[in-house]
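Have a look at the structure below before the remarks.
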Amino acid sequence: MTYKIHEFSKMTGLTPYTLRFYEKEGLITVKRDQNNIRIYDDRNKEWIDFFMHLKKTGMTIEDLKQYLAWWYEGDSTNQNRLDLLKKQKEIALREMKHIQEGIDMLDYKIDVYQKRVDDGRS
């Protein structure tokens, strides 16, 4: 199927501005119709879904561009892509550890204040 930018925006949850930005940055390739209107397809949706998962891990635009460049180069870059994904996983796991440490501190402080409230020390 094909979609115009506003339909595709609703499907992906990305604004038309963001979609145009990603296109300008070379992160997504979009076909155009005879009136120069952007036409997105299911392959664009698959890439955006994958790309957004990488972005959620904190992957930079530069690394996303590198990954895409390697993807276009083909199987000869499989090791490069594997290394990049492993590196990003390590970064994400470190970030999760830091977030968990913050949550642990919040739990501690919540317990402290809950006990004070329960003891009538409002």
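The values are calculated or read from the model by the stated rules, or taken from the named source; none is laboratory data. For clarity, every value in this text was computed on a predicted model and none was experimentally measured. Heads up, the Cβs are rebuilt from the backbone with ideal geometry, glycines too, and the neighbour counts pull from every protein chain shown. Just so you know, the surface numbers come from the protein's heavy atoms only, side chains and all, with ligands and any DNA or RNA stripped out. Shrake-Rupley method; radii C 1.70, N 1.55, O 1.52, S 1.80 Å.
Confirm whether residue 113 is open to solvent by less than 40 Å² (accessible area, probe 1.4 Å), modelled with pLDDT of 95 or more, hydroxyl-bearing (Ser, Thr, Tyr) and more than 20 Å from residue 1 (Cα to Cα). It is false that residue 113 is open to solvent by less than 40 Å² (accessible area, probe 1.4 Å), modelled with pLDDT of 95 or more, hydroxyl-bearing (Ser, Thr, Tyr) and more than 20 Å from residue 1 (Cα to Cα).
Annotation: residue 32 fulfils all but one of (1) touching a helix residue (DSSP H, G or I) at 6+ places or on another chain (Cβ under 7 Å); (2) over 21 Å from residue 67 (Cα atoms); the unmet one is (1). Within region 45-74, residues that are closer than 23 Å to residue 4 by Cα have Cβ atoms under 7 Å from residues that are part of a helix (DSSP H, G or I) in these pairs: 45/11; 45/12; 48/12; 51/64, counting only partners at least 6 apart in sequence or on another chain.
Among the residues of region 76-106, those identified as under 19 Å from residue 27 (Cα atoms) and either in contact (Cβ under 8 Å) with a residue 60 or more places away in the chain or not aliphatic (A, V, I, L, M) (or both) are 77, 78, 80, 81, 88.
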